[in-house]
Amino acid sequence: MEYKIVFAGVTGAGKTTAIGSVSEIDPVRTDVRNHDASLAKEFTTVGLDYGEVALEGSDRLRLYGTPGQTRFEFMWRIVSQGALGLVLLADNSQDGALDAIDTYIDGFSELIDRTACVIGVGRSESHSEPGLDDYADRLAERGVICPVVPVDVRRRSDVLMLLDLLLTQLEMKTGTTDELF
Ligand SMILES: Nc1nc2c(ncn2[C@@H]2O[C@H](COP(=O)(O)OP(=O)(O)O)[C@@H](O)[C@H]2O)c(=O)[nH]1
Ligand SMILES: [Mg+2]
């Protein structure tokens, strides 16, 4: 069984890093030199990131990172096809981190309604506002139920925790209780 998981979030939230932290194959990256002066970043992802994680038996996770900028919204829908869950990453050091969540909740609403979602908030130790509760409140206002956890996606264990939270929700939905990790 293969599970397709989508990573989303603003540029710099750590999608490329997260997939690189856990992938057991050399991740496929399509980062190019950034020409967008509003982004303080040398490289940015215009296409997709791709990585894989083996689960027990022959099960496997296929991880897809989506481009962050909203002008690539058309790709969000393409990548969401057949996916089983969404990992949404936030960067608490960026202005408007909370509002950015709305953008992706809207852009990935079909996937979220159909499957499961988890929110990983990065840089929350150095930037405590907005708090994790604020994220949870915003989601509740939108009628979205999903866990919100602090992460440092440079740590493999943190990214595995996000995937585990996602798979646990899927197991509850599908009724299977097999341990996947
Ligand atoms: N200090 C700090 N840096 C982080 C954290 N998460 C990610 N980063 C760094 O932020 C950058 C994120 O860039 P990238 O993965 O390309 O983000 P993407 O645009 O979402 O693909 C990388 O240089 C990471 O090492 C975090 O929790 N703390
Ligand atoms: Mg990237």
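The values are calculated or read from the model by the stated rules, or taken from the named source; none is laboratory data. This is a predicted model, so every value here is computed, not measured. Positions of Cβ are generated from backbone atoms using ideal geometry, with glycine treated the same way; all protein chains shown enter the neighbour counts. Just the protein is used for accessible areas: all its heavy atoms, side chains included, with ligands, DNA and RNA removed. Shrake-Rupley method; radii C 1.70, N 1.55, O 1.52, S 1.80 Å.
Odds and ends about this structure:
- Net charge dipole, region 1-122: roughly 220 debye, given to the nearest 20, about the Cα centre with Cβ charges of +1 for Lys and Arg and -1 for Asp and Glu.
- Think of the chain as a dipole: +1 on every Lys or Arg Cβ, -1 on every Asp or Glu Cβ, centred on the Cα centre; then among L167, Q69, S93, Q69 lies furthest on the positive end.
- Taking amide H positions as modeled 1.01 Å from N, with prolines and chain starts lacking one, the residues under 5 Å from G9 and 5 or more places away or on another chain are L89.
- 10 Å Cβ shell holding at most 14 others, DSSP loop, GluC sites (Glu not before Pro): longest site-free stretch of the chain: 57-124
- Efficiency of FRET between R33 and R71 - r from beta-carbon atoms, R0 22 angstrom, step 0.05: 0.80
- Segment E110-R156, extension gain: residue separation times 0.36 nm, minus the distance between their alpha carbons: 13.7 nm
- Accessible surface, per residue, of region 2-174 when the full set of protein chains is kept, probe 1.4 Å, Å²: 48
- Taking the accessible area of the chain, probe 1.4 Å, and keeping the other protein chains in place, the carbon and sulfur fraction comes to 51%.
- Value in Å of the Kirkwood radius, where the chain supplies the Cα pairs that are averaged: 16.3
- Loop-located trypsin sites (Lys or Arg not before Pro) in region 85-164 (DSSP state other than H, G, I, E, B) with a sparse environment of at most 16 neighbouring Cβ atoms within 10 Å: R142, R154, R155.
- Compared with the direct C-alpha span, the chain from I145 to D99 gains 14.9 nm at full extension, assuming 0.36 nm per residue.
- Normalised contact order of region 2-174, rounded percent, pairs of Cα under 8 Å and 6 or more residues apart: 24
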